[in-house]
Amino acid sequence: MNPYILDSSLLEEFRQALSDHDDFLINTYSNYNGKNLWSLICSAKDWLSVSVNGLPYIDLNHSHDDVRSLNVLQLITTYDIVLQSIEQLHRVFEMEYPLKKDDSVFNAAVPDDAYFAQIRACFGAHPVDLRSADGTKSTDKYFASWSSDISSSIGGNDDYSVYLYSNNPDTVQPIRFSMSFAKIHEYTIKRYSLLSNIISVIEKKKGVFVEEQQRQEIGRSADVVEQLQILLKENSTRIREGDGYHYDIQTLIELFTAPQDFPEQERQEVAQYLNALHVLVDELYEAFQSMSFGEDGMEHGHLLHSRSAKFNGLHYDLEKVFEYLNNPYFRADRVDYHLRRLISEGVLPPYVSRQTNKLDLQLLLLARLSDPYRAQKL
């Protein structure tokens, strides 16, 4: 196992932060000044995962010299992926990269980032096209030999080296260029640790967004459908379009606008249900205004999503009827059997059929599923 690894718990903290705030991040960065930076965030997360989780399996002690050289290149390239990811995340979240001029690890003539780039180039990124022998600017070109272990007889703290040859015949050749696994590991840890700052900035930006939305008062309307349309727009702004409570609000609009082309007895029944739904509309309003969305949803969310175990035996039939209601590609003739099942169990009135308006069918079905007395009889 490769001992030069990175702390996976920090990666998990970062992944959790993205998961906890994904609605905010997607809504904010999927089109940030005309650029989809959410894609960049996801790419950085994915390649940090590949790097951190893959590092332990890089074999730096392989018995074959050439394979070992390639594995050293793999180690360096993996560290470079981590560096690039961290730098890109700083750009996305408009953070100043604090290690731009840092030279505390390699103590070379150039900053550590430039020196690491020289190590990467010499040990395999482009060893046959080098523009420097030590990371400083040069008019000469250099070409690296194959890389190899440093013999213990040579001494020092470095582990691997190459010999550099110049295209300038007047240059003393070859030039030995070496590096230490411990040093490039230290260099990478220092940059990988910046992920903690990135997590803090994500949480701070989300907090600022929440406070801004809390100060923005949501419009009120006495017309429930108009109120729901306002909330649908707020859902797109405060959570994100097509997510959050989008489906529930859209369903509420459909329930309140159903034509109710059925007998008076059912009209009275659904009137009680629709009246109860006003409480859910108020709950949604308060949740959006306060920006407080509980993990268990709204207190009266069961009015749209029945939680009664009494309907477990009809789960498949209910699933197919809702698919018929919501999926335009569902074959309508397949729903007849399931409608008959629900009618025979007393969930739907006997006159319901495929000819029943879909909005009316949805209203009748949800009203009866939310009725605790009817659930007890079943």
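The values are calculated or read from the model by the stated rules, or taken from the named source; none is laboratory data. Note that the coordinates shown come from a computational prediction; the quantities given were computed from them, not determined experimentally. As a convention, Cβ positions derive from the backbone with ideal geometry for all residues, glycine included, and neighbour counts pool all protein chains shown. Heads up: the accessible areas ignore ligands, DNA and RNA and are worked out on the full protein's heavy atoms, side chains in. Shrake-Rupley method; radii C 1.70, N 1.55, O 1.52, S 1.80 Å.
Structure notes:
- Whether the stretch 260-325 is rounded, prolate or oblate, judged on the alpha carbon gyration tensor where a/c under 1.5 counts as rounded: oblate
- Loop GluC sites (Glu not before Pro), the stretch 294-365, which have at most 14 other Cβ atoms in a 10 Å radius of their Cβ (DSSP): Glu295, Glu299, Glu345
- Here Lys358 is the anchor, and the lysines within straight C-alpha reach of less than 26 Å, apart from those fewer than 8 places off in the same chain, are Lys233, Lys310, Lys320, Lys377.
- Summary value for the chain: 12 percent relative contact order, contacts being C-alpha pairs under 8 angstrom separated by 6+ residues.
- Of all lysines in the structure, those lying under 17 Å Cα to Cα from Lys190, and not within fewer than 8 positions of it along the same chain, are Lys100, Lys101.
- Karplus-derived HN-Hα couplings along the stretch 129-139 (A = 6.51, B = -1.76, C = 1.60, θ = phi - 60°), whole Hz, x at Gly and Pro: 8, 9, 9, 7, 9, 8, x, 7, 5, 8, 8
- At a probe radius of 1.4 angstrom, the accessible area of the chain per residue rounds to 54 square angstrom.
- Remark: the Cα gyration tensor places the stretch 46-118 in the oblate category, a/c being 1.5 or greater and a/b not exceeding b/c.
- Linear extension gain, Asp261 paired with Lys190, 0.36 nm per residue minus alpha-carbon span: 18.7 nm
- Tensor-based shape of the stretch 227-285 (alpha-carbon gyration tensor, a/c under 1.5 rounded, otherwise prolate or oblate): prolate
- Taking label positions 7 Å along the Cα-Cβ direction at both Cys42 and Gln88, the computed distance is 1.3 nm, reported to one decimal.
- Ser8/Val225 FRET efficiency (R0 41 Å; Cβ-Cβ; nearest 0.05): 0.25
- Distribution of pairwise C-alpha distances over the stretch 92-232, 5 Å bins, in %: 2, 8, 13, 13, 12, 10, 7, 6, 5, 4, 4, 4, 4, 4, 3, 2, 1, 0
- Legend: calculated FRET efficiency, Asp129 to Val210, from the Cβ-Cβ distance at R0 = 56 Å, rounded to 0.05, equals 0.65.
- From the coordinates of this entry, Cα Rg over 2.2 N^0.38 Å is computed, and it appears in (1) 1.06; (2) 1.51; (3) 0.93 under the label (2).
- The alpha carbon convex hull volume per residue for the stretch 1-145 rounds to 140 Å³.
- 5 angstrom amide H check on Leu130, placed H, neighbours 5+ away: Tyr142
- Cβ-derived FRET efficiency at R0 35 Å, Ser19 paired with Asp103, nearest 0.05: 0.45
- Peptides 202-211, 246-255, 277-286 ordered by packing proxy, namely the average of other Cβ atoms within 10 Å per residue, highest first: 246-255, 277-286, 202-211.
- Highest mean packing first, where packing is the average number of other Cβ atoms within 10 Å per residue, the peptides 309-317, 140-148, 326-334 line up as 140-148, 309-317, 326-334.
- Note on the chain: with neighbouring protein chains present and a 1.4 Å probe, carbon and sulfur make up 48 percent of its accessible heavy-atom surface.
- 17 Å Cα-Cα reach of Lys204 towards aspartates and glutamates, excluding residues that sit fewer than 8 places from it in its own chain: Glu13, Asp20, Asp22, Asp23, Glu94, Glu96, Glu212
- Inter-label distance, Ala309 to Val172: 8.6 nm, where each label sits 7 Å from its Cα along the C-beta direction.
- Note on Glu241 and Asp65: the model spin-label points, each 7 Å out from Cα along the C-beta direction, lie 6.1 nm apart.
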